[in-house]
Each structure stands twice: as structure tokens, then as C-alpha cells.
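Nothing in this text is a laboratory measurement; each read-out follows from the coordinates by a stated rule. Since this is a predicted model, take the numbers as computed values, not measurements. Backbone-built Cβ (ideal geometry, glycine too); neighbour counts: all protein chains shown.
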Amino acid sequence: MKNIAILGSTGSIGTQALDVVRANTDKFKVEVLSAFSNAELLAKQAIEFDVNTVVIQEESKYETLKNLLAHTDIKVFCGEQALADVVTYDSISIVLTALVGYAGLRPTISAIKAKKNIALANKETLVVAGDLITKLAEENDVHILPVDSEHSAIFQCLAGEWHNPIEKIILTASGGPFRGKKTEDLIQVTKNQALKHPNWVMGAKITIDSASLMNKGLEVIEAKWLFNLQASQIDVIVHPQSIIHSIVQFNDGSMKAQMGLPDMKLPIQYALAYPQRISSDFPRFNFIDYPSLTFEQPDLKTFRNLALAFEALDKQGNMACILNAANEIAVEAFLKDQIGFLQMSDLIETCMQKITFIANPNYDEYVNTDKETRIFAASLVASI
Ligand code: NAD
Ligand code: MG
């Protein structure tokens, strides 16, 4: 039996993780659930899974949540500090970080220090401070198990190959809803168009990131840290059907790929059950339904965010932290119709040029970089 904490349980990954737990109650038990502000769903989940503790981020929702759970003995907390505290409970063996954005950093650090394995969906944590996180994980002898489908694919391909050098990895990208479009087509695109992903149903932030290819950029940085690679060892290829989830090429030229229908429940379950594979009733892929799997070069001129992410990786230091914070503000502003689709890249690029570069940042310097970038990026939004 594995006891799990799910951070961000009301979201797309969080609810699918609970589906996995529901189908495997003999293997998994939920100890802690957390959400940003959806007290009703959080309370419902807490009661169904009979959890020990829930944490809500929004203070104004604390009373509502407490009232909804008043007839139970479930502990209720709110705020950032509480989230960082509850992941250290002795009873927890694995923490699924399914919350979105920079907010994942602090509880992840706290969980690693308490020697909890991490099922990592929150890629932003590795983008912001991949060096700190991987070092801490090594020191505390904990596994960082990827939930992102591409990274799970690579991780699955590497099973049994740990001592064999990787020549390169190839991350596949669906291309998003604007695949094939050119800059002039993208000036006027709306958030509703950007929110329609062809293959995956996900939270709003990652859906916009997928449309702008920033998601693939964040994943390139995530892959660097998870698999200890140089930027030159990471390729991206557009594969619109999202059947091949990613590929590893070894030093003898052999390539291994992991395939399946696009369904996040598989990588979530693999991370939670690792190192075992457990049976599932997820729909099976059939080659006959997909007579052609196709591949294209990504268009880095039109989708500048992907080029900016490679640039951040190349510069190292706090540059990816700047990229991430600027992107979070840009996506929020785009979702509020304050800036256009292409202005997101302008904003990120300006932040990367203007925010103080630090070559070897410590934790406090990452926190300050994030803050400074958000303030500057918000001032850019206000001036548009
Ligand atoms: P989502 O928006 O659907 O859910 C986010 C969850 O986090 C919600 O429960 C929300 O209440 C909580 N949350 C949001 N902000 C918070 C904050 N500041 N503090 C505490 N909790 C907060 O997002 P999602 O699509 O489930 O994505 C979650 C993470 O998983 C992201 O990092 C994303 O990049 C990654 N991911 C998602 C998918 C997917 O298919 N959805 C695939 C790969 C990776
Ligand atoms: Mg992914």
C-alpha cells in the first residue's frame, strides 16, 4: 500500500490521479489533498477518499471548506506554509505535484527534504530550479518520477538501460491548435481558439503553453534535469497524432520509443506504481486505426517561445526561472485578453534581456528572481 499526497487534486492531473486511485484502492491510499480555491470539489474528494488532511491555498475559502468537513475528522489547513508542512507527514510515501506553476517549488523542496518520492507533474519546479531540485533529490536519495507523458515515455524506455549512455532524446510535440500557422495568422488568434487542444484536455495554463510551444520549451528544460543531458542532446519533433510519446537514441544508434493513445492516466499510474506496472482498462492503441504516423520539424521562427526556452537552457543560471515567471504572467494576461498571442513571446524576451542574470543562484535568489520578473512583466502588460 502506498500513501499519497496529491497537490492540486481538483485539476486535470489531480482528478485523473484520483481515478487511478479509485481503480486501485488495494494499492493506493490518499493521505493529503490540496487545491487552490475549489472548496466544494476538494471537500467531496476528501470525503470520498477518507483522507487525513486537506489544504486550500485561498484563505477566503478556508471557512467554507472547514464547514463542509465539520462532520468529519479530516484536518483542514490553508496557505503555502501549511502545504509545505503537510507533505512531510510520516505516513506519506509519495507526493504527486499536480499543482500548476511556480507554486509547486516550495512544497516539492519540503517533500524531498522529508525524503518523499516525487511523482512530478509540475514541470515548472524543474524549470525554475532544476539544479537545486536534482541535487536535493540525490542528497536525500529520493526518486523524481516523471508524470509528463514525454518524460514518462523516456523514463520507461530507460528501464534496464541506466548504465547505457544516451546519445540523444527526441521529445514529441503535437504542434497544438496552431500547427502550420504563420506569424501573420497568429496576431489575432483568441484565447478560445488557443484553448482548443487537438489531442489533450488539460488545465488552461498548460493548454495555452501547448498552443505557443512554450510547453515543449519547458519540457526540454525539464528533460535536461530529469535525465542529466546537455541541450545539444535534446531534439523536438512535431508528431500531430500524439501516439509516440517520446524517443531515446542510445550510443549504438538504436532508438526506443514508448507509444500509446494520449491518456495521462497511464503516466500518472506508472509514476505512482513504479517500479511495478499494474494492469489497467485504459483504451488500447490499434495500429490499424492510425495508418499514418507523421513527423515534422517544429517552426521556431513562428513559435518563438520554444527558441527562447532553448536560449534559457543555454544561458543557464536563473534564466529559465526568468523565462518561467515571465511566461506565467504572459499567459495570465493573454487569458484575461490583456495582451495578444504573439505579445507573450515579446514579453518573455524582454524579461530575459532586462532581469538581472545570476550565474549560480541559491534558493533565495530564485525566489527573488521570480518576484522581480513578475513585477517587471506585469508593468510591461500594463504598458501595452
Ligand atoms: P489545472 O489548472 O487543471 O489544475 C491545477 C491544480 O493546482 C488545481 O487543483 C488547482 O486548484 C491547484 N493550484 C493552482 N494554483 C495553485 C497554487 N498557487 N497553490 C496551490 N494549488 C494551486 O492544471 P493541470 O493541467 O492539472 O496541470 C498541473 C501540472 O501538471 C502543471 O504543471 C502542468 O504543466 C502539468 N502537466 C499537466 C498535464 C495535463 O494533461 N493536464 C500533462 C503534463 C503535465
Ligand atoms: Mg507533456
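General observations
- Distance from segment 173-209 to segment 122-152 (C-alpha centre basis), Å: 27 Å
- Set LYS191/LYS256; LYS66/LYS265; LYS113/LYS224; LYS2/LYS75 screened for pairs whose C-alpha atoms are more than 28 Å apart: LYS191/LYS256; LYS66/LYS265
- Each residue, ASN251 and LEU158, gets one label point 7 Å from its Cα in the Cβ direction; the gap between the two is 1.6 nm.
- Look at where the Cα atoms of segment 83-110 and of segment 275-337 average out, and the two centres are 23 Å apart.
- Additional length obtainable on full extension of the chain from MET1 to GLN188, 0.36 nm per residue less Cα span: 62.2 nm
- 5 angstrom amide H check on ALA119, placed H, neighbours 5+ away: VAL95, LEU96, THR97, LEU145
- Förster radius 30 Å - calculated FRET efficiency between SER379 and ASP85, Cβ distance, rounded to 0.05: 0.35
- Share, in percent, of DSSP beta bridges within the chain that are antiparallel, nearest 5: 25 percent
- Tensor-based shape of the chain (alpha-carbon gyration tensor, a/c under 1.5 rounded, otherwise prolate or oblate): rounded
- Placing +1 on each Lys and Arg Cβ and -1 on each Asp and Glu Cβ, with no other charges, gives the chain a dipole about its Cα centre of roughly 380 debye.
- Dipole-positive endmost among LEU306, TYR290, LEU335 within the chain (Cβ charges, Cα centre): TYR290
- From the largest down, segment 172-255 spans 46, 26, 22 angstrom on the principal axes of its Cα atoms.
- Three-way shape call for segment 260-361 based on the alpha-carbon gyration tensor, with the a/c threshold at 1.5: prolate
- Per residue, the Cα convex hull of segment 115-193 amounts to 156 Å³.
- Shape category assigned to segment 46-168 from the gyration tensor of Cα positions, a/c cut at 1.5: prolate
- For HIS245, nonlocal amide neighbours, meaning residues 5 or more places apart or on other chains whose placed amide H falls under 5 Å from its own, are GLN258, MET259, GLY260.
- Listed from fewest to most Cβ neighbours within 10 Å, the set MET259, MET202, MET344 follows the order MET259, MET202, MET344.
- The distance between label points at THR350 and LYS75 comes to 4.6 nm (points 7 Å beyond Cα on the Cα→Cβ vector).
- Ranked for footprinting exposure by Cβ neighbours inside 10 Å, fewest first, ILE339, ILE206 give ILE339, ILE206.
- Spatially proximal aspartates and glutamates relative to LYS115 (Cα-Cα < 15 Å; intrachain offsets below 8 disregarded): ASP85, ASP90, GLU138, GLU139, ASP141
- With neighbours defined as other Cβ atoms within 10 Å of a residue's Cβ, the residues HIS143, HIS71 order from fewest to most as HIS71, HIS143.
- In sequence order, calculated HN-Hα J values of segment 182-196 (Karplus, 6.51, -1.76, 1.60; Hz; x Gly/Pro): 10, 3, 5, 6, 8, 4, 9, 5, 9, 5, 5, 5, 5, 7, 9
- Here each label is just a point 7 Å from Cα along the line to Cβ, and for GLU138 and ARG284 those points are 4.2 nm apart.
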